[in-house]
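Asks: Could you have a look at this structure, given as structure tokens, before my questions?
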Amino acid sequence: MVCSGTARNDRYSPDLSPITIIFPYHHVQKWAKTRAREKKNHAVGINKSLHDSVLASAAKKTKYVTLYTLIANYAVGGAVARKLVKELAAAGTIRKVVGSGSLAVYAPKA
């Protein structure tokens, strides 16, 4: 675009699209790129041997048990971890210390 002295007329020249006239910096990209999260390949079902080892050793290995510790330590999905916590609590190996809607913390029963 050549500057002819009348900036207003150059701004509304026919080679500009209406979007460019309304949003002159429309083509500018974002400063930061978003990073893709790493895909976790957790099991959505568990076999009998893993089930028995979780029930036997989950409460003995750590000072506390949450859903997220089971997910991280045994590479299981969230639904499986919730069922395992319910089974551990029903068996009496863990007891609830702090409970809320979003996070429950369990401790081994001593």
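Asks: Working only within the range 88-103, note down all residues that are in a helix (DSSP H, G or I), in contact (Cβ under 8 Å) with a residue 24 or more places away in the chain and exposed (fewer than 13 other Cβ atoms within 10 Å of the Cβ).
Replies: A91
Asks: Here are Y74, Y64, Y106, Y68: which of them is loosely packed, with under 12 Cβ neighbours inside 10 Å and hydroxyl-bearing (S, T, Y)?
Replies: The match here is Y68.
Bear in mind that the values in this text are calculations on the coordinates, not laboratory data. The structure presented is a predicted model; accordingly, all values stated were derived computationally and were not measured. Note: ideal-geometry Cβ built from the backbone for every residue, glycine included; neighbour counts use all protein chains shown.
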